[in-house]
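The values are calculated or read from the model by the stated rules, or taken from the named source; none is laboratory data. Every value quoted in this text rests on a predicted model; they were computed, and no experiment measured them. FYI the Cβ positions are ideal-geometry reconstructions off the backbone, even for glycines, and counts take in every protein chain you see.
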Amino acid sequence: MYKLRTWHIKSVLLLAGLCLALAANSKPVNHVDPARIDAALKQFIDSKALIGVSALVYEHGHEAYFGAFGLADREANKPMRRDTLAQIFSMTKPITGVALMTLYEQGKFQLDDPIGKYVPELAKMQVWDGKSDAAHLKLEPLNRPITIRDLGRYTTGLPSLQETNPVVDLYLNADVQSVEQTRDELIRKLGKLPLEYQPGTKWRYGEQVEIEALLVERLSRQPFDVYVRKHIIEPLHMKDTGYFVAPKDRGRLAALYEWHDDGSLTRVPDADAFNFNTKDHPLKPGSWGLVSTLDDYMRFTRMLLNGGELDGARILKPETVKLMATNALPEGVTDTDWLPSKGRVGFGINFAVRIAPPKGPEEASGTVGEFFWDGLNDTLFWVDPKNEIAAVLFTQYHPFGKVSLHKAFRDAIYAGDPAADSMLQKK
């Protein structure tokens, strides 16, 4: 018996020692190669495909890459810098989603609550029949109420204003995107307009995030921008992020350029490009409008990667971040507008979520489980929990996606992954 016990103890100690040795020798795989990313970004400046570009990447909790190339302002010969201010447009949406979900954690609502419970102006919306023209518009009742979950996953029935149909014409004629109205005025307009489709049946990039922002206001009893500042921006020390750029900081704003079919880039007049961020408007959009720096937006991105916390500031619980970053599109939703252009993705709460690996070298590299979004001026961020990567990319031109910048940046990072390497070598 004594010998048996001794043998058992020795076996346990041997196994424990083996486990410790394996743990000591196992190191996380590093994907980020600064030289490779430098080359990928610099090529767009050398070829004059872009005026300026910058990027910041964290991996395994540490800064793994920073690079800035070209000019933030070509006409003034100002270089792209780490503290350059960029208009992030739709990268505002995830911040709005996080703000709303802080109130979810407080028990202010449930995701399957009908929005009419909190926004009665939208309780009795009707739905276009999908066939009638503007002169003889036929409407149908809702098959079911719009829910808060529909808001986050963009399945409300609200139209994308980039489309052409009689419903979109009604929204454009009502000027629903004006910033010279209050949010309550906007919601009253929406309540008088028809939906394009039944809730939960299509994915569309509409005005639903403004309803999220209204929910933040009504549930918190604070103006939307004040709530975001107090509960996200200030706790994360995002000192350069906001809707209004003070005169002393305007010299750091990156100029905006317009891309043309011949590849040339012309400057958008500052009076047009900076009109929103240099004046005080009644509406502070939940969908767009924030200005930020690489470091500021990286703090938001790292908070998400860390499960809702950064440097002692807890914004969300880990389970809430996971909920937001999980595909929530119903299985029957196959009409997803242009979402497939992002890859094989679903949609969570204000994030695209990668649900399958790239199907070939023509698709940008990425990892199943990552969540991300981008902005009109071709900005981009993503969170990759599997590889512990957080990435932010800035440039300032439109229309979106005319230069293959996002793919080149992603490919440069994931070329360190053996699976990605084999795929990229097929190019």
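With the requirement that a residue be charged (D, E, K, R) and under 19 Å from the mean Cα position of the chain (by Cα), what does segment 212-227 give you? Glu212, Asp225, listed by residue number.
Could you pull out the residue among Glu75, Glu63 that is part of a strand (DSSP E or B), surrounded by fewer than 18 Cβ atoms within 10 Å (Cβ to Cβ) and at pLDDT 95 or above?
Details: Glu75 fails: part of a strand (DSSP E or B).
It is Glu63.
If you go through segment 317-346 and keep only what is small (Gly, Ala, Ser) and assigned to a loop (DSSP other than H, G, I, E, B), you end up with Ala325, Ala328, Gly332, Gly343. Anything in segment 160-186 that is among the charged types (D, E, K, R) and either at positive phi or assigned to a loop (DSSP other than H, G, I, E, B) (or both)? List them, or say none. Scanning segment 160-186 gives Glu163, Asp175, Glu180. Quick check: anything in segment 273-293 outside any loop (DSSP other than H, G, I, E, B), charged (D, E, K, R) and either on the phi > 0 side of the Ramachandran plot or at pLDDT 95 or above (or both)? Among the residues of segment 273-293, not one is outside any loop (DSSP other than H, G, I, E, B), charged (D, E, K, R) and either on the phi > 0 side of the Ramachandran plot or at pLDDT 95 or above (or both), which makes the answer no. Looking across segment 187-197 at every residue that is assigned to a loop (DSSP other than H, G, I, E, B) and over 25 Å from the mean Cα position of the chain (by Cα), the one that is farthest from Glu163 (Cα to Cα) is identified as Lys192.
Restricting attention to segment 174-186, the residues being within 22 Å of Lys202 (Cβ to Cβ) and more than 25 Å from the chain's Cα centre (by Cα) number 1. Selection within segment 160-177: residues that are of a type in the set (Ser, Thr, Tyr) and crowded, with 18+ Cβ neighbours inside 10 Å. The member of this set that is nearest to Leu137 (Cα to Cα) is Tyr171.
Close Cβ contacts (under 6 Å, 6 or more residues apart or on different chains) running from residues in segment 381-404 that are in the same structural domain as Val53 (by TED's automatic domain parsing) and in contact (Cβ under 8 Å) with a residue 60 or more places away in the chain to residues that are of a type in the set (Lys, Arg) and outside any strand (DSSP E or B) comprise Ala390/Arg302. Restricting attention to segment 252-270, the residues that are surrounded by fewer than 13 Cβ atoms within 10 Å (Cβ to Cβ) and out of contact with any Asp or Glu (no Cβ under 6 Å at 6 or more places or on another chain) total 6.
Looking at segment 266-313, which of its residues are of a type in the set (A, V, I, L, M) and within 30 Å of Glu75 (Cβ to Cβ)? Full working, then the answer.
Kept after step one, since they are of a type in the set (A, V, I, L, M), are these residues of segment 266-313: 268, 271, 273, 283, 290-291, 294, 298, 303-305, 310, 313.
Within segment 266-313, Val268, Ala271, Ala273, Leu290, Val291, Leu294, Met298 meet the criteria.
Is it fair to say Gly157 is assigned by TED's automatic domain parsing to the domain that holds Lys202, within 21 Å of the chain's Cα centre (by Cα), part of a helix (DSSP H, G or I) and surrounded by 20 or more Cβ atoms within 10 Å (Cβ to Cβ)?
So Gly157 does not fit the description; no.
Regarding segment 209-223, can at least one residue be identified that is farther than 25 Å from Phe351 by Cα and at pLDDT 95 or above? Taking every residue of segment 209-223 in turn, at least one turns out to be farther than 25 Å from Phe351 by Cα and at pLDDT 95 or above. Based on what the data block shows, is Gly97 in a helix (DSSP H, G or I) and not aliphatic (A, V, I, L, M)? Considered against the rule, which asks whether it is in a helix (DSSP H, G or I) and not aliphatic (A, V, I, L, M), Gly97 comes out as yes.
Whenever a residue of segment 249-264 is in the same structural domain as Met80 (by TED's automatic domain parsing) and over 17 Å from Ser47 (Cα atoms), its partners that are assigned to a loop (DSSP other than H, G, I, E, B) and among the β-branched types (Val, Ile, Thr), lying with C-beta atoms within less than 7 angstrom and at least six residues away or across chains, give the pairs Arg250/Thr278; Arg252/Thr84; Leu253/Val245; Ala254/Thr84; Leu256/Val268.
Residues are listed down the side, and each one gets a yes or a no for (1) surrounded by 18 or more Cβ atoms within 10 Å (Cβ to Cβ); (2) hydrophobic (A, V, I, L, M, F, W, C); (3) over 13 Å from the mean Cα position of the chain (by Cα):
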{"position": "Leu329", "(1), (2), (3)": "yes, yes, yes"}
{"position": "Thr336", "(1), (2), (3)": "yes, no, yes"}
{"position": "Pro358", "(1), (2), (3)": "yes, no, yes"}
{"position": "Pro361", "(1), (2), (3)": "no, no, yes"}
{"position": "Val368", "(1), (2), (3)": "no, yes, yes"}
{"position": "Phe372", "(1), (2), (3)": "yes, yes, no"}
{"position": "Thr379", "(1), (2), (3)": "yes, no, no"}
{"position": "Trp382", "(1), (2), (3)": "yes, yes, no"}
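Please verify whether Asp112 is within 20 Å of Trp203 (Cβ to Cβ), of a type in the set (Asp, Glu), in a loop (DSSP other than H, G, I, E, B) and under 25 Å from the mean Cα position of the chain (by Cα), treating the condition exactly as stated. Against the criterion (within 20 Å of Trp203 (Cβ to Cβ), of a type in the set (Asp, Glu), in a loop (DSSP other than H, G, I, E, B) and under 25 Å from the mean Cα position of the chain (by Cα)), Asp112 qualifies.
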